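The structure's right below; bear with me while I get my questions together.
The values are calculated or read from the model by the stated rules, or taken from the named source; none is laboratory data. Remember, it's a predicted structure, so these values are computed and weren't measured experimentally. Every residue, glycine as well, gets a Cβ built from its backbone with ideal geometry; the counts of neighbours run over all protein chains shown. Areas reflect the complete protein model, heavy atoms only, side chains present, ligands, DNA and RNA absent. Shrake-Rupley method; radii C 1.70, N 1.55, O 1.52, S 1.80 Å.
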Amino acid sequence: MTADAALQKKRLTVMLGINAVCFVLAGVAIYGAVSLRIDWLRLVFLGAIVAGLGSHIWFILGWMRATKGEGASS
């Protein structure tokens, strides 16, 4: 496994961990906001969605950077 592949595997693992936490947090927050009528949990829900999306963008940008570096060195 090359260094780039190892780094991408680590990035993928971190992204999946962040997404799992954000998924659970968003679920609990939307339940509290809708069922229990705790209005500030809507912001927590939106924050979890943004954080999950941000982790995807972080992973894709790292992947693009790694593939761009491979093409330049060939």
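Is one or more of the residues making up the stretch 26-39 in contact with a Ser or Thr (Cβ under 7 Å, 6 or more places away or on another chain) and not hydrophobic (A, V, I, L, M, F, W, C)?
No: the stretch 26-39 contains no residue that is in contact with a Ser or Thr (Cβ under 7 Å, 6 or more places away or on another chain) and not hydrophobic (A, V, I, L, M, F, W, C).
Give the residues of the stretch 1-46 that are in contact with a His (Cβ under 8 Å, 6 or more places away or on another chain) and either in the same structural domain as A66 (by the TED database) or in a loop (DSSP other than H, G, I, E, B) (or both), sorted by residue number.
none
Looking at (1) hydrophobic (A, V, I, L, M, F, W, C); (2) open to solvent by 50 Å² or more (accessible area, probe 1.4 Å); (3) free of Cβ contacts under 8 Å to residues at least 40 places away in the same chain, which is the only condition W63 fails?
All conditions pass for W63, except number (3).
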